[in-house]
Amino acid sequence: ETGVTQSPTHLIKTRGQQVTLRCSSQSGHNTVSWYQQALGQGPQFIFQYYREEENGRGNFPPRFSGLQFPNYSSELNVNALELDDSALYLCASSLSQELDGYTFGSGTRLTVV
Amino acid sequence: RKEVEQDPGPFNVPEGATVAFNCTYSNSASQSFFWYRQDCRKEPKLLMSVYSSGNEDGRFTAQLNRASQYISLLIRDSKLSDSATYLCVVNDMDSNYQLIWGAGTKLIIKP
């Protein structure tokens, strides 16, 4: 069984630009959650998708948006990038909402300059 | 007050020693608790779930104290490979599927 794959692994963007991060969920998983982890902090919940519908959102502004596709892969889009958006972005897939069944991808490290 | 609090450390511990750290959570209605391990610049990986009765997995023991709202992790006979950041995670009762993370406790095992 394949794990969670995120792309790209590293990215450098300029303030004000837009970015799209991608996540392929583990085979059999229908739920994808996105987290932002700043240096020295724990992951912060951005949002979750379940069967292509947003199923919960954390305290992030609307310029953070997402999609889930019929194959359960997902995208995270961030518009109007700010310096504080520099972080490790983690995608986790799970079956339904089993809290102990999360599998994380290795993350995308975004640097905004 | 943060929802999940941990001592950031670092805890510097000699190989073979026993080390323990706690995590406190603010929402008394929280139901699910986990310890994750995160190596430098890597993704978090589930170490163990924490059950009301406590649980043990080899050298690792997790305990839950609902009255005082904390969970603990004990590592016995520590190995160099145990060096990592240990993240305490609690579910968000306002939306049952969201996880609230502590900032982590850094553990360094020294030879």
For B:L46, the lone unmet condition from (1) within 12 Å of chain A (Cβ to nearest Cβ); (2) exposed (fewer than 13 other Cβ atoms within 10 Å of the Cβ) is (2)
Find all pairs meeting these conditions: Cβ atoms under 9 angstrom apart; at least six residues apart or on different chains; first residue within the stretch B:25-51 and within 16 Å of B:G104 (Cα to Cα); second residue assigned to a loop (DSSP other than H, G, I, E, B) and of a type in the set (A, V, I, L, M, F, W, C). B:E43/A:V4
Note: among B:I75, B:I71, B:I108, just one is touching a Cys at 6+ places or on another chain (Cβ under 7 Å) and either over 28 Å from A:Q6 (Cα atoms) or touching a residue at least 12 places away in the same chain (Cβ under 8 Å) (or both), namely B:I71
Only listed residue being surrounded by fewer than 14 Cβ atoms within 10 Å (Cβ to Cβ), more than 30 Å from A:N30 (Cα to Cα) and within 14 Å of chain A (Cβ to nearest Cβ), chosen from B:P14, B:P10: B:P10
Sole exception among (1) more than 15 Å from the chain's Cα centre (by Cα); (2) surrounded by 14 or more Cβ atoms within 10 Å (Cβ to Cβ) for B:F33, by number: (1)
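Do we find a residue being of a type in the set (F, W, Y), at negative phi and surrounded by fewer than 19 Cβ atoms within 10 Å (Cβ to Cβ) anywhere in the stretch A:27-40? Explain how you work it out, then say what you get.
Let us first name the residues in the stretch A:27-40 that are of a type in the set (F, W, Y), namely A:34-35.
Within this subset, residues satisfying the condition of being at negative phi are A:34-35.
Adding the requirement that they be surrounded by fewer than 19 Cβ atoms within 10 Å (Cβ to Cβ) leaves none.
No, the conditions are met nowhere in the stretch A:27-40.
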Matching residues, the stretch B:55-72, being surrounded by fewer than 17 Cβ atoms within 10 Å (Cβ to Cβ) and either small (G, A, S) or assigned to a loop (DSSP other than H, G, I, E, B) (or both): B:G58, B:R59, B:R66, B:A67, B:S68, B:Q69
When the stretch A:65-83 is checked residue by residue, the ones that are in contact (Cβ under 8 Å) with a residue 40 or more places away in the chain and touching a strand residue (DSSP E or B) at 6+ places or on another chain (Cβ under 6 Å) are A:S73, A:S74, A:E75, A:L76, A:N77, A:V78, A:L81, A:L83
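Go through A:S86, A:S27 for me and flag whichever is polar (S, T, N, Q), closer than 25 Å to B:R37 by Cα and in contact with a strand residue (DSSP E or B) (Cβ under 7 Å, 6 or more places away or on another chain).
Criteria check complete, one pass: A:S86.
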For the stretch B:48-69, give me each residue that is within 10 Å of the chain's Cα centre (by Cα) and modelled with pLDDT under 95. B:M48, B:S49, B:V50
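The values are calculated or read from the model by the stated rules, or taken from the named source; none is laboratory data. No experiment lies behind these values; they were computed from the predicted model shown. Backbone-built Cβ (ideal geometry, glycine too); neighbour counts: all protein chains shown.
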